[in-house]
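What follows is one structure encoded as structure tokens, with my remarks underneath.
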Amino acid sequence: MSDDLELIAEILKGRTAAFENLVRKYQDRLFNSVAYMVGNVEDARDIVQEAFVQAFLNLRTFQGTSAFYTWLYRIAFNVAATERRRKRPKISVERGRDRTGREPIDGQPGPAERVEREERGRRVRQGLSQLSEEHRAVLVLREIDGCRYETIAEILGLPIGTIRSRLHRARLELREELKNALID
Amino acid sequence: MKNQSDHELLSAYLDGELDAAERARAERLLADNPSAGQLLDELRALGSTLQSLPRHELGEDLSETVLQSAARRKANEIDAPRPVPAPAEPGRFRPRALGRKIADRIKDNPRMVVWPLIVLTVAALLMVFDPDRRDPGRGGGDRNIAMLPQDGKSAGKAEGADRAAGAKIIAPKEGEYVKPEDRPSMSAVKSPDVVPNPSQLVAKGGGDAAETPDRPSAASLAGLVVIQCQASREALEKREYRKVFDENDIALSEQPVGEVLRMTPAELASAAGVDVAELDVGPHAADAKPKATILLVEVAPGQIAKILDGLKAMPDKFHEVSIRTPRTPPSHSPAPPLPGAKAPAAKRVLVVFRVLDAALPMPAGK
């Protein structure tokens, strides 16, 4: 975090190229979460890019009270919300692998295991897509991005107690969606 | 384990988000209640499943694109409406932010407000210093509605315009002087005892734009081609202009021009470059004594030149033929073609004849 603040200080002094380091540092992490959040990789790429552009243009408003990544994530969520209102999803994560971004990293399993994993992943993504946006958001932030409750609360602008109950309800909802998959 | 808070407790326990007291409570719950243990296992399995999902990689470095995009947006101010970063309430309308944005843009480009200010100033000056309203002697009878003949179609139309404007109707005898304060004004307040016929309102005009729905704005008047010429009254009464139109298959509107274009007389006069008091609108002006007549024709490409040539070919009837082309195309959607139009509707042209009662002087060399 202190590295980020140093970079930001440099950028605000006029060395804008330092922002490239922030982009490279966070773009894949943000892209992964946003892709699961919005359910398609093309939109996710656009949202990530726009989030970085807005972060750069509004960097002076960043006060450093939270981590840069938390602030960036919050911008990305707002961009995603705006985009979601503006248009419908185009390509799902399922079908988007060959269109934009690399195929999700999946280790080097054997053919049978790979097929099984892919099927399980497909069902989980399908289950996630069935959740409400607010439930999907907390699950992605917690389980996929690994954020703590406090960070999730900052990103979503909600009290920690709300995050805790919402996260639990999201889990129960996804459990119902995936019941068959979990039996396996 | 029956209540929701126990469920949430286990979920938070799994996440390591409990304080010491809560953690102790969760562990007691797990020890005492087998179903709690089962739920915890299920939640743990769910978490593992989600965490084992493959990661998406962007596969490109966005840094250069981001900086270029930001620089472009900053430099050219092409920042389309986009969400403001990190708002407490995303998507919420912020009038203050909008106001600041507009103020910033004006500060950066002050010229953007110059023309609107000039237009507003000119409009205000015209309203205040309208010569017909301020100077009763100026312009004489041929510039004032009140001085138009009382009988005949022209007078009727003038009255129609007055009714539509909601003005007090004046029917002076020919040549009678009417005090300025008694004259009709296009901006007069509508009198409650005068209820205009809606078709009159549209066809013959009035100053109340709010009464004519879907009427093109005054700005759209600039989209009309206007042919102007002087004409002898005899030529107009005999409708000599028809020869030009008939020979060239040009459709002449038989309806009142104001009705077709949905313009008030004031707007028509403005478009035609004549005084509204001089105006007679439509093709049948034979029994009236107007000072100007406006016709509406619909022409195909190339026919405007034929109108000009045709009128110039009759110098004893029409002269000083000129044309005014619009600087910008009309902003309103095109109206359907005129009845009887033989060529595809391409352009509407106002043909304005200003009457010269005296015999037209023969052009030099003719």
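We did not get these values from a lab; they are worked out from the coordinates using the rules stated. This structure is a prediction, so every number in the text was calculated from the model and none was measured. Backbone-built Cβ (ideal geometry, glycine too); neighbour counts: all protein chains shown.
Tabulated data for the structure shown
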quantity	calculated
Inter-probe distance in nm under a simple model that places probes 7 Å from Cα toward Cβ, at B:ALA313 and B:LEU117	5.3 nm
Nearest-20 debye value, the stretch A:2-86 charge dipole, Cβ charges on Lys, Arg, Asp, Glu	200 debye
Potential lengthening between B:GLU60 and B:ARG44 on full extension [0.36 nm per residue; Cα-Cα distance subtracted]	2.4 nm
Sequence-separation-based contact order of the stretch A:2-86, relative, with Cα cut under 8 Å and 6+ spacing, percent	28 percent
Förster-model FRET efficiency, 60 Å R0, A:GLU6 and B:THR325, C-beta, rounded to 0.05	0.40
Label-point separation, B:GLN255 to A:ALA112 (7 Å along Cα→Cβ), nm	8.1 nm
Ascending count of other beta-carbon atoms within 10 Å, so fewest first, for B:THR264, A:THR61, A:THR162, B:THR49	A:THR61, A:THR162, B:THR49, B:THR264
For B:VAL355, distant residues with modelled amide H under 5 Å away	B:ALA231, B:ALA292, B:THR293
